[in-house]
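Colleague: Let me begin by handing over the structure; questions about it come next.
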Amino acid sequence: MVMKKNVKKIMRLILFFFLLVFIFFLINNYIKKEADDLFMVDLTNYSLSEVKNYAKRYELKLKINYTYSKIDKDKIISQNIKPKAKFARGDYLEVTVVKEIDDKLWAKYQVNELGMVPIMMYHGIFNLNNSDVVYTGGNVDSDGYNRTTEAFINDLEMFYQNDYRMIRLNDYINSEIDVPLGTSPIILTFDDGARNNINVLGYDKKGNLIIDPNSAVGILEHFKKKYPDFQVTATFFLNAGLFNQPQYNEDILKWLIKNGYDIGNHTKNHDNLSKMTKDEVMMSIGYMYQLFEEIIPNQYVNIISLPFGLPDSKNHQHFPYILGGTYHNTEYQNLTALRVGWDADYSPYHQAFDCTYLKRIRAWDNNGVDFDIEMVFNNLKQTRYISSGLKDVIVIPKEKSPNLASDLNMEVIEY
Ligand SMILES: [Zn+2]
């Protein structure tokens, strides 16, 4: 009896041992299988955060496309790797997600991504109060090309309080407008590289530039801190003298690029391109790009601001050489020629938008007439571009659709 009991016990132990081996084999096989062969799951039941976790777990490079609907939201509707298909770690996983749209909110904010975009033209900013000058408002000269710091600060405050947010000129011409729902894009430009655009006082102990807080960039940096959502940026159009501070010029250019500003072309000697020969035109423009290439290679923008706004017609015989030419065996290209304009320009999605020749608004005071700041921004109340906050679609009121450009490859939502 005792023996029989022991045999039974041993048998049970052996059985248990085999069971353990079998389970171990199964687990081992499963782990191996997972390491060797990965099979995609059906992601349509997943939430976006679950998809992100899944991609992370299998080291997939995730690309998310969005589409919009009034009913569904945060629903995955397609995936590039089909369910049950084999995939490997490091593969691309591309999914399309439905996001909910809210046309009531668009109506409330009067979203119109076919509206007008102001490109401001500044020159010198003089460290003066308006009461220090004899001209209208904050004009430092009779035409208001140069302004006081007080006027400039007032402009910036007005832009912010009226829900304008800055974007890069280069993004605008590339049809990339990224400002929050209900706000409007605005673009700042400065011509001539006046010292008071970015006046450098020296280097600090760490070797960083000390920038005069009363120069234009000093004021812009102050606004950057005061209103972090203002998206502060500007493009500076320079001649051969750059910012006219020989000992700091190169460091200034590098500093501006590093801090989110742009550098563009204003010809070598502030030249009247309409009075030059074609070769002189190419020299005047090409010289500046060669200079930029030496200091900030590939980091400047291919945009020219036309000195004196000339030529004042695209039909001028030299206009093609302004947009593209050769200097010292090096080709240059300008995506845009900026005019000395008067009013806001079109949305990049508008059929009348011509990115090669853009208008600017002279930032000056003239008692609300002759396209001064007050007049232009009063007009813009009815016509301005108002963003949906969605980066990858164009949202417009139904009645505006006849004005859409025909060659857009972005989704358009009318409401
Ligand atoms: Zn100029």
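Colleague: If you build the convex hull over the alpha carbons only and average its shadow over all orientations, what do you get for the stretch 271-415? Give it in nm² to one decimal. List each step's numbers first, then the result.
Modeller: Details: hull surface 45.8 nm².
Mean projected area of the Cα convex hull: 11.4 nm².
Colleague: Shifting gears a bit: Can you give the charge dipole size of the stretch 148-208 about its Cα centre, rounded to the nearest 20 debye, using +1 on the beta carbon of Lys and Arg and -1 on the beta carbon of Asp and Glu? Could you put the intermediate results ahead of the total?
Modeller: On the way: 5 positive and 10 negative charges, 70 e Å.
In debye, rounded to 20, the stretch 148-208 gives about 340.
Colleague: Nearest 500 deg cm²/dmol is fine: what mean residue ellipticity at 222 nm does the chain get from its DSSP H runs of n ≥ 4 alone, each adding -39,500 (n - 2.57), divided by its residue count?
Modeller: Details: 10 runs with 125 residues, N = 415.
So the calculated ellipticity at 222 nm is -9500 deg cm²/dmol.
Colleague: Using Cα pairs under 8 angstrom and six or more residues apart, how large is the relative contact order of the stretch 39-100, in percent? List each step's numbers first, then the result.
Modeller: Details: 122 pairs, mean separation 29.1, N = 62.
Once normalised by length, the contact order is 47 percent.
Colleague: On to the next question. Can you list the HN-Hα couplings for the stretch 259-268, worked out from phi with the Karplus curve (6.51, -1.76, 1.60; θ = phi - 60°), rounded to whole Hz and with x for Gly and Pro?
Modeller: 9, x, 9, 10, 10, x, 9, 10, 6, 4
Colleague: While we're on this one: Taking the chain as the reference, fit the longest principal axis to its C-alpha atoms, fit the long axis of helix 278-295 to the helix C-alpha atoms, and give the angle between the two in degrees, 0 to 90, nearest 10.
Modeller: Long axis of 278-295 versus the principal axis of the chain: about 50 degrees.
Colleague: Grab the eigenvalues of the alpha-carbon gyration tensor for the stretch 155-251, scale each by 5, take roots, and send me the semi-axes largest first in whole angstrom. Could the numbers behind the result be given before it?
Modeller: Values: eigenvalues 143, 53, 25 Å².
Value: 27, 16, 11 Å, ordered largest first.
Colleague: Which of the lysines could a cross-linker span from LYS258 if the Cα-Cα distance has to be under 22 Å and same-chain partners fewer than 8 positions apart are dropped?
Modeller: By straight Cα distance, LYS258 reaches LYS205, LYS206, LYS224, LYS225, LYS226.
Colleague: Which percent, to the nearest 5, of DSSP beta bridges fully inside the stretch 216-342 are antiparallel? Could you put the intermediate results ahead of the total?
Modeller: Working: 4 of 12 bridges.
Antiparallel bridges: around 35 percent, rounded to the nearest 5.
Colleague: Let me ask you something else. With everything on Cα atoms, drop me the angle between helix 2-36 and the longest principal axis of the chain, reported from 0 to 90° to the nearest 10.
Modeller: Taking Cα atoms only, the helix is inclined about 20 degrees.
Colleague: Still on this structure, I have one more. With r as the distance between the Cβ atoms of LYS52 and LYS8 and R0 = 60 Å, compute the FRET efficiency 1/(1 + (r/R0)^6) and round to 0.05. Before the final figure, lay out each step's value.
Modeller: On the way: r = 55 Å, r/R0 = 0.91.
Using R0 = 60 Å, I get an efficiency of 0.65.
Colleague: If you don't mind, there's one more thing I want to ask. Mind grabbing the base-10 log of I(q)/I(0) for the stretch 106-414 at q = 0.16 Å⁻¹? Debye formula, identical points on the C-alpha positions, no solvent, two decimal places.
Modeller: -1.40
Colleague: Let me ask something additional. From Cα pairs below 8 angstrom and at least 6 apart in sequence, can you work out the relative contact order of the chain, rounded to a whole percent? Provide the component values of the computation, followed by the final result.
Modeller: Details: 790 pairs, mean separation 66.8, N = 415.
16 percent.
Colleague: Sticking with this structure for a sec: Work out the length of the dipole vector of the stretch 39-100 about its Cα centre, built from +1 on the beta-carbon of each Lys and Arg and -1 on the beta-carbon of each Asp and Glu, and round it to the nearest 20 debye. Write out the running numbers ahead of the final one.
Modeller: Numbers: 13 positive and 8 negative charges, 27 e Å.
Using only the charged Cβ atoms, the result is roughly 140 debye.
Colleague: Normalise the Cα radius of gyration of the stretch 39-100 by 2.2 N^0.38 Å (N = residues in it) and let me know the number.
Modeller: Cα Rg divided by the expected 2.2 N^0.38 Å: 1.07.
Colleague: Stretched out fully, how many nm does the piece from TYR415 to ILE296 gain, at 0.36 nm a residue minus the Cα gap?
Modeller: Details: separation 119, 0.36 × 119 = 42.84 nm, distance 4.44 nm.
Taking 0.36 nm per residue and subtracting the Cα distance, the gain is 38.4 nm.
Colleague: Along the positive direction of the dipole of the chain (beta-carbon charges: Lys, Arg +1; Asp, Glu -1; about the Cα centre), which of LEU38, ILE394, ASN170 reaches farthest?
Modeller: It is LEU38, whose Cα lies furthest towards the positive end.
Colleague: Expected output is a single nm value to one decimal: the length gained when fully extending between VAL41 and ILE64, i.e. 0.36 nm times separation in residues minus the C-alpha distance. What is it? List each step's numbers first, then the result.
Modeller: On the way: separation 23, 0.36 × 23 = 8.28 nm, distance 1.68 nm.
Net length gain for the segment: 6.6 nm.
Colleague: Also, I was wondering about something else. What are the lysines whose alpha-carbon lies under 23 Å from the alpha-carbon of LYS381, with same-chain residues fewer than 8 places away excluded?
Modeller: LYS381 reaches LYS104, LYS108, LYS359, LYS391, LYS398, LYS400.
Colleague: Pairing the Cα long axis of helix 373-383 with the longest principal axis of the chain, what angle in degrees results, from 0 to 90 and rounded to the nearest 10?
Modeller: Here the helix axis deviates by roughly 40 degrees.
Colleague: A further question follows. Work out how much length LYS254 to SER142 would gain on full extension: take 0.36 nm times their residue separation and subtract the Cα-Cα distance, in nm to one decimal. Write down the numbers at each step before the final one.
Modeller: Details: separation 112, 0.36 × 112 = 40.32 nm, distance 3.40 nm.
Stretched fully, the LYS254-SER142 segment lengthens by 36.9 nm.
Colleague: Round to a whole number: what % of the accessible area of the stretch 106-414 belongs to carbon and sulfur, probe 1.4 Å? Could the numbers behind the result be given before it?
Modeller: Working: 6120 of 13480 Å².
C and S atoms contribute 45 percent here.
Colleague: Continuing with the same structure: Using a cut-off of 29 Å between alpha-carbon atoms, which lysines can reach LYS84, once sequence neighbours fewer than 8 places away in the same chain are excluded?
Modeller: Partners within reach: LYS32, LYS33, LYS52, LYS56, LYS61, LYS63, LYS73, LYS75, LYS99.
Colleague: Ignoring ligands, DNA and RNA, what accessible area per residue does the stretch 39-100 give at 1.4 Å, in Å²?
Modeller: On the way: 3970 Å² over 62 residues.
So the stretch 39-100 comes to 64 Å² accessible per residue, rounded to a whole number.
Colleague: Given H placed on each backbone N at 1.01 Å, which residues far from GLU411 in sequence or on other chains put an amide H within less than 5 Å of it?
Modeller: So GLU411 has HN proximity to ILE394.
Colleague: Report the FRET efficiency, 1/(1 + (r/R0)^6), for LYS84 and ASN244, where r is their Cβ-Cβ distance and R0 is 56 Å, rounded to 0.05. Write out the running numbers ahead of the final one.
Modeller: Numbers: r = 67 Å, r/R0 = 1.20.
In this case the efficiency is close to 0.25.
Colleague: While we're looking at this one, here's another question. Working only with C-alpha atoms, what are the Rg and Dmax values of the stretch 260-350, expressed in angstrom?
Modeller: Considering the stretch 260-350 through its Cα atoms, Rg and Dmax are 13.1, 38 Å.
The values are calculated or read from the model by the stated rules, or taken from the named source; none is laboratory data. Since the structure is predicted, the reported quantities are computational estimates derived from the model, not experimental observations. Neighbour counts are summed over all protein chains in view; Cβ atoms, including those assigned to glycine, are modelled from backbone coordinates with ideal geometry. Side chains included, ligands, DNA and RNA excluded: accessible areas come from the protein's heavy atoms. Shrake-Rupley method; radii C 1.70, N 1.55, O 1.52, S 1.80 Å.
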